[in-house]
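See structure below.
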Amino acid sequence: MKPVCVLGNGQLGRMLRQAGESLGIKVYPIGLDAKLETIPYQESIITTEIECWPETILTRKLAKQETFINRDIFSCLADRMKQKELLDNLGLPTAPWLFLENTEQYKKIFTIFNQFVIVKRRTGGYDGHGQWRLNQGEQYHLPLDIYGKSIIEQGINFSAEVSLIGARSNKERLVFYPLTSNLHKEGILRISVTIPQLSKKLQQKAETMLSMIMKKLNYIGVMTMECFIDGNNLLVNELAPRVHNSGHWTQNGASISQFELHLRAILNLPLPKPVVNSPSVMINLIGTPINYAWLSLPLIHLHWYEKEARVGRKLGHLNMTDLNTKRLSSALIKLAPLLPNEYQHSINWAIQKLSSILGS
Ligand code: ATP
Ligand code: MG
């Protein structure tokens, strides 16, 4: 089997490497500062854990390789404006948006969007960086360099946020995981809950939407679609052409993890639909030092990234899966005192999500 080079050496590259190990596939995550001559890029399939990268000798060379999967679509998907245009062209609903060119537009914007708005840089944002939530009058605090380089969206008072992760092979086979419910705070994903078969209708709707996107782009591999639920509507928030934080639960809660699924799709290996029988919870460990007391709980799977600790930085995650929802909820209750106070809200949110299927 051909080796795989992953552009980027963060936690996603690390977990792709780990998934490759059990399949006997060598996966090389590549830092942006790596030396070209140390990388086996000529005999490898190339993929990426990031959608936006600086022009360097290394990235220019990789971007020239025919074996760089999906190479020509990153310029579209890494730019929020082009992403929105793609969704508009496909007729897929999003939050109403405009290209933000100058400060003169605000008067009109606050009239037509008629509630809070969100300014987002077209490129380079992540985990809420490069975006500002504004009410009328608050626009004066924004940096001046955003104009001409950002979009502005209507704020959506969504009832829930969900993501759909799917994969497409070069034989045009499409497979999906069940929808995942996500809780964000300050633009950062805190916790995810996946309940298989929660809503057949919503699942079908989301699968149809993501299928349209992947087909249109002739995309190969795992793609993630983040959505808001607004009344009966599913609005696409953003697309990630890669494995995604909200899919980390698949490492322990699905028969094939999103990392393995991506490797299978890009290497032309069989791509059966992953089997998911049990609800799962994934808790992001953000700025929290490792605590081996977590391992005293039998349902916990700890995934630690061995990154330098920093406030607000994703350092690892905890996965929990159980067919018995009550047992999953009581494990969350036992876990709560082993985490800092700020996790309490997320844990309560997850318990509430799980309780929606308890009586069913
Ligand atoms: P990621 O880490 O997923 O790449 P990001 O920083 O690129 O995130 P978004 O996903 O666009 O940015 O926004 C982060 C979060 O901010 C969303 O998950 C959602 O909670 C909130 N948000 C973004 N856009 C809107 C909107 N139009 N209305 C309401 N909330 C929004
Ligand atoms: Mg997002």
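In summary, A167 fulfils each of the numbered conditions (1) within 11 Å of ligand 1 (Cβ to nearest atom); (2) crowded, with 21+ Cβ neighbours inside 10 Å; (3) within 22 Å of L16 (Cβ to Cβ) with the single exception of condition (1). Within region 136-165, residues that are farther than 19 Å from H184 by Cβ reach partners that are surrounded by fewer than 16 Cβ atoms within 10 Å (Cβ to Cβ) and of a type in the set (D, E, K, R) with beta carbons closer than 8 Å, at six or more positions or on different chains, in the pairs Y147/E101; G148/E101.
Counting only strands (runs of 3 or more DSSP E) wholly contained in region 133-247, the ones carrying 3 or more residues that are within 15 Å of ligand 2 (Cβ to nearest atom) occupy 160-168, 180-185, 188-194, 221-230, 233-240.
Residue-by-condition table, conditions (1) within 16 Å of ligand 2 (Cβ to nearest atom); (2) within 13 Å of E238 (Cβ to Cβ); (3) out of contact with any Gly (no Cβ under 7 Å at 6 or more places or on another chain):
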{"site": "Q83", "(1), (2), (3)": "yes, yes, yes"}
{"site": "L87", "(1), (2), (3)": "yes, yes, yes"}
{"site": "G91", "(1), (2), (3)": "no, no, yes"}
{"site": "T94", "(1), (2), (3)": "yes, yes, yes"}
{"site": "F99", "(1), (2), (3)": "no, no, yes"}
{"site": "N102", "(1), (2), (3)": "no, no, yes"}
{"site": "F113", "(1), (2), (3)": "no, no, yes"}
{"site": "V119", "(1), (2), (3)": "yes, no, yes"}
{"site": "T123", "(1), (2), (3)": "yes, yes, yes"}
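If you go through region 252-261 and keep only what is assigned to a helix (DSSP H, G or I) and in contact with a helix residue (DSSP H, G or I) (Cβ under 7 Å, 6 or more places away or on another chain), you end up with Q258, F259, E260.
Just one of the listed residues (E172, E207) is modelled with pLDDT of 95 or more, more than 16 Å from ligand 1 (Cβ to nearest atom) and closer than 24 Å to T47 by Cα, and it is E207. Whenever a residue of region 193-218 is closer than 18 Å to V236 by Cα, its partners that are charged (D, E, K, R) and surrounded by 17 or more Cβ atoms within 10 Å (Cβ to Cβ), lying with C-beta atoms within less than 7 angstrom and at least six residues away or across chains, give the pairs M214/R168. Consider region 210-233 and keep the residues that are within 23 Å of N157 (Cα to Cα) and surrounded by 20 or more Cβ atoms within 10 Å (Cβ to Cβ). The one that is nearest to ligand 1 (Cβ to nearest atom) is E226.
Inspect all residues belonging to region 102-112 and state whether any of them is farther than 23 Å from K216 by Cβ and either among the small types (G, A, S) or not in a helix (DSSP H, G or I) (or both). Checked against the condition, which is being farther than 23 Å from K216 by Cβ and either among the small types (G, A, S) or not in a helix (DSSP H, G or I) (or both), region 102-112 yields at least one hit. In region 126-145, which residues are surrounded by fewer than 18 Cβ atoms within 10 Å (Cβ to Cβ) and under 28 Å from E49 (Cα atoms)? Across region 126-145, the qualifying residues are Y126, D127, G128, H129, R133, D145.
The single residue among Y147, Y126 that is closer than 30 Å to L267 by Cα and aromatic (F, W, Y) turns out to be Y126. Taking the criterion of being in contact (Cβ under 8 Å) with a residue 40 or more places away in the chain and under 17 Å from L16 (Cα atoms), the residues of region 27-47 that qualify are V27, S44, I45, I46, T47.
The values are calculated or read from the model by the stated rules, or taken from the named source; none is laboratory data. All values reported here derive from a predicted model rather than from experimental measurement. Every residue, glycine as well, gets a Cβ built from its backbone with ideal geometry; the counts of neighbours run over all protein chains shown.
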